[in-house]
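Taken together, the values in this text are just the output of simple stated rules run on the coordinates, not laboratory data. No experiment lies behind these values; they were computed from the predicted model shown. Here Cβ is always computed from backbone atoms with ideal geometry, including for glycine, and neighbour counts include all displayed protein chains.
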Amino acid sequence: MHVLHLNRFFYSSQTSYVISLVHEQRLQGHQALLIMEGRPSIKILDVYKDALDQMGAAVIPPNDPEDLLTLLKGRGFELIHAHSPLSFSLAANLSSQLNIPYVVTCHGLGLNQPQYHRFLRGAGAIICISYRVAHNLRDFTDKTYIVPIGVDLSEYSPGQKKEPVKVVLLTRVDSGRQKGFDHFCKAADLLDGIEFYVAANAQPNSKHAIFLGGKSQDPNLFAKTDIAAGTGRTIVEGLAAGNATLILGRTYQGILTPGKVEKQKYLDLSGLTGREPCYRDIFLDLAKLTQNHIYLRQLQQFGRSLAQQQFDHKLLTRHIVEIYENVLRKWQE
């Protein structure tokens, strides 16, 4: 299948996800081209440059349809997949000009708004990364699919876990996540005998943190750590690499346990549905994990098993291709 992927350039887990999806589709024998719109800074572009170059992706200025049509001329695409609401309009326009269907992925809330309705109605399918996102778009349930973010289980796998216990907080800090970020750092500083790593776009207020900067997608880091904190893709990567995980974003959802998983039809890794972040709660959970190594190892084994069951990137990519095939069948009827 020949698929055109469109995304707007941001430094985010969404960008990492799109790159990994296109890469996996190519590995599975599909012709997939990624177009990244935007004017990224040199610093941000450097994070993704190698991966983009390896797959022949193109970075173009936003809202430049003439150059894009020149780039696409004669390529014979069968379907368009837009990953950012800022690329929905472009996908719809190209769909009309090339006479091929388009699919959109919704990564977050706030898309059930009038300015997006026309593009959502025109899409052959709407892929949502979580039940929470899908529920927000319940007016379009007839063509909504829930496909969580996956990881390459051979790339993200448990390494040798050595003493002392290693904790990593990987997040993108904004005004809504600042409190959780600060409280987690405060809680980690209260623990003795651990190594504490912070990978974020903001300097941690911590005496003991090893600051790694804005790292993105680092299998080696997760392979050696024991406990990972964050949301979404961070949690999935942590699980795959054999970490116990704590869900922390705008709220604190605590330790991801088998009991919590059993109660949810669709896992909520958003960091939006918990309680107000408090360093006392975070400290108690971290202490529970770091002081009881049997419990910690049980959760680490559970995490890897959960990733194998629900977040295998290869299987999820095949599911997305099946969605494409269904959209094409309907388009051709």
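If each Cα of the chain is one equal point scatterer, what is log10 of I(q)/I(0) from the Debye formula at q = 0.09, 0.10, 0.14 Å⁻¹?
For the requested q values the scattering log ratios are -0.49, -0.60, -1.11.
Would you compute, from DSSP H runs of 4+ residues alone, the mean residue ellipticity of the chain at 222 nm, taking -39500 (n - 2.57) per run and dividing by the full residue count, rounded to the nearest 500? Can you show the working numbers first?
Details: 13 runs with 148 residues, N = 333.
Only helices count here, giving -13500 deg cm²/dmol.
Within a Cβ distance under 15 Å of Ala199, other residues only, what is the Lys/Arg minus Asp/Glu net charge?
Its environment carries a net charge of +3.
Where does the stretch 1-157 land on the Kirkwood hydrodynamic radius, alpha-carbon pairs, in angstrom?
On the way: mean 1/r = 0.0621 Å⁻¹.
That comes to 16.1 Å for the stretch 1-157.
In whole percent, what relative contact order does the chain give with Cα contacts below 8 Å and a gap of six or more residues? Each step should come with its number before you reach the end.
Details: 611 pairs, mean separation 50.5, N = 333.
It rounds to 15 percent for the chain.
What Kirkwood Rh does the stretch 127-284 have if only Cα atoms enter the pairwise 1/r average? Answer in Å. Write out the running numbers ahead of the final one.
Numbers: mean 1/r = 0.0619 Å⁻¹.
Radius from the Kirkwood sum: 16.2 Å.
Around His135, what is the net charge, scoring Lys/Arg as +1 and Asp/Glu as -1 over all other residues with Cβ under 13 Å from its Cβ?
Values: positive: Arg132, Arg138, Lys265; negative: Asp139, Asp268.
Taking every other residue near His135 into account, the sum is +1.
In nm, to one decimal, how far is the modelled label at Glu262 from the one at Gln298, with both set 7 Å along Cα→Cβ?
Label-label distance for Glu262 and Gln298, simple model: 1.2 nm.
Please compute the net charge surrounding Val173, taking Lys and Arg as +1 and Asp and Glu as -1 over other residues with Cβ under 15 Å from its Cβ. Walk me through the numbers on the way to the answer.
Values: positive: Arg172, Arg177, Lys179, Lys186, Lys215, Arg250; negative: Asp174, Asp182.
Spelling it out: positives minus negatives among the neighbours equals +4.
Taking the Cα centre of the stretch 165-310 as origin, sum charge times position over the Cβ atoms of Lys and Arg (+1) and Asp and Glu (-1), and report the length of that vector in debye to the nearest 20. Display every interim value, and only then the final one.
Details: 18 positive and 13 negative charges, 41 e Å.
In total the dipole reaches around 200 debye.
Treat the count of other C-beta atoms within 10 Å as a stand-in for reagent exposure and order Glu163, Glu262 from fewest to most.
Details: Glu163 10, Glu262 7.
Taking fewest neighbouring Cβ atoms as first place, the list is Glu262, Glu163.
How high is the relative contact order of the stretch 165-310, given as a whole-number percent (alpha carbon pairs under 8 Å, six or more residues apart)?
On the way: 279 pairs, mean separation 36.7, N = 146.
This gives 25 percent for the stretch 165-310.
Using 0.36 nm times the number of residues separating Lys330 and Leu27, minus their current alpha carbon distance, what extension gain do you get? Spell out each step's value before the answer.
Values: separation 303, 0.36 × 303 = 109.08 nm, distance 2.62 nm.
Extra length from Lys330 to Leu27 when fully extended: 106.5 nm.
How do Glu66, Glu276 line up, fewest other C-beta atoms within 10 Å first? Show your work: numbers first, answer last.
On the way: Glu66 7, Glu276 11.
Fewest-to-most Cβ neighbours within 10 Å comes out as Glu66, Glu276.
List the residues, sorted by chain then number, that are 5 or more residues from Tyr102 or on another chain and whose placed amide H is less than 5 Å from its amide H.
Ile80, Gly124
Using 5 Å bins from zero, what percent of all Cα-Cα pairs in the stretch 241-312 falls into each bin?
P(r) for the stretch 241-312, in whole percents per bin: 3, 16, 25, 26, 20, 9, 1.
Once you place label points 7 Å from the Cα toward the Cβ at Thr141 and Arg275, how far apart are they in nm?
3.2 nm
Bin all alpha-carbon pair distances of the stretch 214-333 at 10 Å intervals from 0 and give each bin's fraction as a whole percent.
Histogramming the stretch 214-333 at 10 Å steps yields 13, 39, 30, 11, 6, 2, 0 percent.
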